[in-house]
Amino acid sequence: VQLQASGGGLVNFGGSLTLSCAASGRAVDARGLGWFRQAIGKEREFVAAISWDAKSMSVANSVKDRFAISRDSARNTIILQMNNLKSEDTAVYLCAAATGRGAYSDKDRYTYWGQGTLVTVSS
């Protein structure tokens, strides 16, 4: 499975960004696709995930009132819509494909990782 993340950039405090992650290769082997983020000096943090059939999803409590995840099945792409961005959202956002079972928030469930896209929120 290959994952290509895009859509990061510089945005003002309170602004919005849309991240995309395109899956290719044996993407059908994935049970779900998710987004994690990692800020400098911090642990990798779960953001959101969606099952391959889009019937279930999970969004971290810290962002659930501002972020939404969806899937474009025609393009094998997942979308992370981020609104009302804050300084603490600044991080590299990575998409990943889960092949194991368990909680979406469990990093160990994810076998394939994309290269990440940088989101910088300026105050």
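Listing for the model above:
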{"read-out": "Region 94-114 residues near the modelled S6 label - backbone nitrogen below 16 Å, point 7 Å along Cα→Cβ", "value": "95, 114"}
{"read-out": "Charge-dipole axis of the chain as Lys and Arg at +1 and Asp and Glu at -1 on Cβ define it, positive-most pick from T99, Y110, A49", "value": "T99"}
{"read-out": "Charge dipole (debye, nearest 20) of region 62-123; +1 at Cβ of Lys and Arg, -1 at Cβ of Asp and Glu", "value": "160"}
{"read-out": "Rounded FRET efficiency, nearest 0.05, which uses the C-beta distance separating A74 from Q38 and R0 of 25 Å", "value": "0.25"}
{"read-out": "Surface per residue (accessible, 1.4 Å probe) for the chain, Å²", "value": "51"}
{"read-out": "Cut-off 17 Å (backbone N to label point 7 Å along Cα→Cβ of S105), residues of region 43-60", "value": "43-51, 57-60"}
{"read-out": "Residue-span extension gain [K64 to N83] - 0.36 nm each, minus C-alpha spacing", "value": "5.8 nm"}
{"read-out": "Residue-wise HN-Hα coupling along region 2-16, computed from phi with Karplus coefficients 6.51, -1.76, 1.60 (Hz; x: Gly, Pro)", "value": "10, 10, 10, 8, 8, x, x, x, 9, 9, 6, 3, x, x, 10"}
{"read-out": "Integer Hz, Karplus 6.51/-1.76/1.60 couplings in order for region 103-116, x for Gly and Pro", "value": "5, 4, 7, 7, 4, 5, 6, 9, 9, 10, 10, x, 7, x"}
{"read-out": "Approximate shape of region 36-108 as ellipsoid semi-axes (Cα gyration tensor, √5λ), whole Å, largest first", "value": "20, 15, 11"}
{"read-out": "Accessible surface of region 1-96 [probe 1.4 Å, protein heavy atoms]: carbon and sulfur percent", "value": "48"}
{"read-out": "Rh by Kirkwood over Cα pairs, then Stokes-Einstein D for the chain at 0.692 mPa s and 37 °C, µm²/s", "value": "233"}
{"read-out": "Region 80-123: radius of gyration and largest Cα-Cα distance (Dmax), Å", "value": "12.9, 39"}
{"read-out": "Cβ-placed point charges (K, R +1; D, E -1), dipole of the chain about Cα centre in debye, nearest 20", "value": "160"}
{"read-out": "Antiparallel bridges, percent of DSSP beta bridges restricted to the chain (to nearest 5)", "value": "90"}
{"read-out": "Peptides ranked, highest mean first, by Cβ atoms within 10 Å: ranges 96-103, 69-76, 16-23", "value": "16-23, 96-103, 69-76"}
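The values are calculated or read from the model by the stated rules, or taken from the named source; none is laboratory data. Only a predicted model underlies this, so the values are computations on that prediction, with no experimental measurement involved. Positions of Cβ are generated from backbone atoms using ideal geometry, with glycine treated the same way; all protein chains shown enter the neighbour counts. We work out accessible area using only protein heavy atoms, side chains counted, and drop any ligands, DNA or RNA first. Shrake-Rupley method; radii C 1.70, N 1.55, O 1.52, S 1.80 Å.
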